[in-house]
Amino acid sequence: MDLKKYIRSVKDYPKKGILFRDISTLIKNEKAFISTIKEIVKRSKKFKVDKIAAIESRGFIFASAVSYILKKPFIMLRKKNKLPAKTYSVDFELEYGTATIEIHKDSIKKKESILIIDDLIATGGTAEAAAKLIKLSSGKVAAFIFVINLFDLGGSDKLIKNGYKVENLINFPGH
């Protein structure tokens, strides 16, 4: 299935000059959503994985379904002050600002292998922060899987250059 045709492009969102790749049109189509989950599951099986993590919030949509199918625990990487217990935090740069993500300190046991899933990678700042959280938690990143790669913004390439395994389902230019 050509998943690319189910992605809506929205100009000047969330700010002028950004071309936003919207997954809502993919997830509202039953066949496209199921196909996406099946493809992520297929690619996940390439890696030794103890747990699956996802980046808030759109990554949760895909990762929770994959976690269920693979029968692996699910870890939420959330925005600052959204997790109730003790956390590790990492600040990072976005294409259009800064942010912080956190993980519960008890989410990962030493040397567990974590698959990180998200809807999209642009410049790679959020993904790098997610990897730092996994390392702070004494885990290791098995791989990243993204539904959409904005290839000309370089995030996937940056992760690969830093030694991470990366899978992308769909490639789009960022602008």
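Read the figures in this text as sums done on the coordinates, not as results from a lab. Because the structure is a prediction, the values reported are computed rather than measured. Backbone-built Cβ (ideal geometry, glycine too); neighbour counts: all protein chains shown.
In a reduced charge model with +1 at each Lys and Arg Cβ and -1 at each Asp and Glu Cβ, segment 41-104 shows a dipole moment near 520 debye about its Cα centre. For the chain, a Gaussian network of Cα nodes joined below 10 Å ranks T98, T36, T25 by mean-square fluctuation, and the top entry is T98.
Based solely on its DSSP helices, what 222 nm [θ] is calculated for the chain when runs of n ≥ 4 H residues each add -39,500 (n - 2.57) and the sum is averaged over all residues, nearest 500 deg cm²/dmol? Taken over the chain, the calculation gives -8500 deg cm²/dmol. Sparsely packed loop sites in segment 70-175 (the chymotrypsin sites (Phe, Trp or Tyr not before Pro) outside DSSP H, G, I, E and B with at most 13 other Cβ atoms within 10 Å) comprise Y96. Where in segment 137-175 does the label zone of K16 land, with the point 7 angstrom along Cα→C-beta and an amide N cut-off under 20 Å? Counting backbone N atoms under 20 Å from the label point, the list is 175. Considering all different alpha carbon pairs of segment 1-97, the Kirkwood hydrodynamic radius works out to 15.5 Å. Computed on the Cα atoms alone, the convex hull of segment 47-172 gives a volume of 96 cubic angstrom per residue.
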